[in-house]
1. Is region 207-217 home to any residue that is of a type outside the set (D, E, K, R), open to solvent by less than 50 Å² (accessible area, probe 1.4 Å), over 35 Å from the mean Cα position of the chain (by Cα) and at pLDDT below 85?
2. Quick one: how many residues across region 315-338 are surrounded by fewer than 17 Cβ atoms within 10 Å (Cβ to Cβ) and farther than 20 Å from residue 16 by Cα?
3. So residue 252 fits all but one of (1) more than 30 Å from residue 113 (Cα to Cα); (2) of a type outside the set (Val, Ile, Thr); (3) in a strand (DSSP E or B); what number is the exception?
4. Quick check on region 234-245. Is at least one of its residues among the polar types (S, T, N, Q), at pLDDT 85 or above and open to solvent by 70 Å² or more (accessible area, probe 1.4 Å)?
5. Tell me which residues, restricted to region 97-142, are farther than 18 Å from residue 205 by Cβ and charged (D, E, K, R).
6. Free of Cβ contacts under 8 Å to residues at least 40 places away in the same chain and either farther than 27 Å from residue 100 by Cβ or open to solvent by 40 Å² or more (accessible area, probe 1.4 Å) (or both): does that describe residue 183?
7. What are the pairs, 6+ residues apart or on separate chains, where a residue within region 222-250 that is without any contact (Cβ under 8 Å) to a residue 60 or more places away in the chain has its Cβ under 8 Å from a residue that is surrounded by fewer than 17 Cβ atoms within 10 Å (Cβ to Cβ) and not in a loop (DSSP other than H, G, I, E, B)?
8. For region 369-390, indicate whether the set of residues that are loosely packed, with under 15 Cβ neighbours inside 10 Å, modelled with pLDDT under 90 and either outside any loop (DSSP other than H, G, I, E, B) or more than 21 Å from the chain's Cα centre (by Cα) (or both) is non-empty.
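The values are calculated or read from the model by the stated rules, or taken from the named source; none is laboratory data. Being a predicted model, the structure only gives us computed values, none of them experimental. Neighbour counts are summed over all protein chains in view; Cβ atoms, including those assigned to glycine, are modelled from backbone coordinates with ideal geometry. Note: areas computed on protein heavy atoms with side chains; ligands, DNA, RNA excluded. Shrake-Rupley method; radii C 1.70, N 1.55, O 1.52, S 1.80 Å.
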Amino acid sequence: MKFLDLLRTAIANTFRSKARTILTVIAIFIGSFTLTLTSGIGTGVNDYIDKTVAAFGNQNALYVQKVSEPSTPGSGQEDGPTEYDPERANVQTGFGSIAGLTDADIDKIRDIDGVESVDPMYMVTPTYLAAPDGKKFQLSLGSPAEAEGLQLEAGETPDRSTNEILLPASWVAPLGFDSNEDAVGKTVTIAMRNAAGETRAFDVRVSGISQASLAGASTSPIPSSELNRKLYEYQTSGSPREMPNTYFTATANLSDNAEVGPIKSQLADDDMLGVTVEDQLGMFRAVINGIVWILNSFAIIALLAAGFGIVNTLLMSVQERTREIGLMKAMGMSGGKVFGLFSLEAIFIGFLGSAIGAAVGVATGSILSGVLSNGLLSSLPGLSLFLFDPLKIVIIILAVMFIAFLAGTIPAMRAARQDPINALRYE
């Protein structure tokens, strides 16, 4: 009997006991359906995180901050204040003051092997932002960004050498613009107060509109590097004494072949912390992958239960077809072909359940993704909660078929070992 004949016979035999076969297929369907959905969630969310990583900043850079000097054992400072260091600078934030970077720190970063350039970020606190119609809004600026992957609704990222700003999509309507496209190219005004209490207005061009993302690009307007510098210079002007430059963070742009680990170590030696974009968003990825694996474990339990269903279905089939097996072996069918016949039945049952489960999972996920994107997840444009990779779907189907094959080996071996004479006498 050739392989195609074995396959046709196996498919026909599968439907001899429709009720048992259907129940077993349903069990496999549940496992395959769940695996497909969880795979889609993992792919969709990780794809969104990848886009967010691109939007969050330059992936070939370290974002550096000053950290407080650690207290050393025996210094008596474990639970007390740290001694004053006139060389250290503080930056005022809405939550108090934090250690800031100085010009000396910037020079140290710039001198590290593998660092091509350093872009310091000035901490500025504008008084307000005025729309073209004169309406005023509270303003807190985000970090200047020249990330190529920044997700935009319209326009482009700010040119670092001009007075430009990137507005969040949620700011367009309140500022009086008709649409995202209408806002691009318009001028808004930023009011700054200096150390002498004098206020100056800066006219700023809107370069683009940003999408919402995990990077927080939607929460605050993002200025160009040049605008950020000009605002800081005016903010620190008017003081009766010279004020040293202090920076909230700095971006260390690395060469292509730079090793991040040694650079982080050198920064740590100077009480500075360097993190990459992946460091900042890696936690999101770890949490999502953990949730997906937990959901996958439930699907695997369902598949194990389905495996026992296959064993039961085929054992009963072997028992019911004992005389038939004896007749096949008496007519010259080898034990290997009998084993192959029952193995093919198990594989076919696995294929039915996995293929139907995967197809329904893809359809369900695609529908849910569209509904959620226009509903609960509408504040995160660009997120497809379910995103299906054809290769992963094929792997799921093949994996379930392999589990079905393993489940079918016990009854298949029992059938292959049947003695033809005893089998023919079986009542």
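1. Taking region 207-217 first, the residues of a type outside the set (D, E, K, R) are 207-217.
If we keep only those that are open to solvent by less than 50 Å² (accessible area, probe 1.4 Å) as well, we get 207-213, 215-217.
Those still in the list that are over 35 Å from the mean Cα position of the chain (by Cα) too: none.
No, the conditions are met nowhere in region 207-217.
2. 6
3. (1)
4. No, region 234-245 contains no residue that is among the polar types (S, T, N, Q), at pLDDT 85 or above and open to solvent by 70 Å² or more (accessible area, probe 1.4 Å).
5. Matches in region 97-142: 103, 105, 107, 108, 110, 111, 113, 116, 119, 135, 136.
6. Details: free of Cβ contacts under 8 Å to residues at least 40 places away in the same chain: yes; either farther than 27 Å from residue 100 by Cβ or open to solvent by 40 Å² or more (accessible area, probe 1.4 Å) (or both): yes.
Yes.
7. 234/200
8. Yes, some residue in region 369-390 is loosely packed, with under 15 Cβ neighbours inside 10 Å, modelled with pLDDT under 90 and either outside any loop (DSSP other than H, G, I, E, B) or more than 21 Å from the chain's Cα centre (by Cα) (or both).
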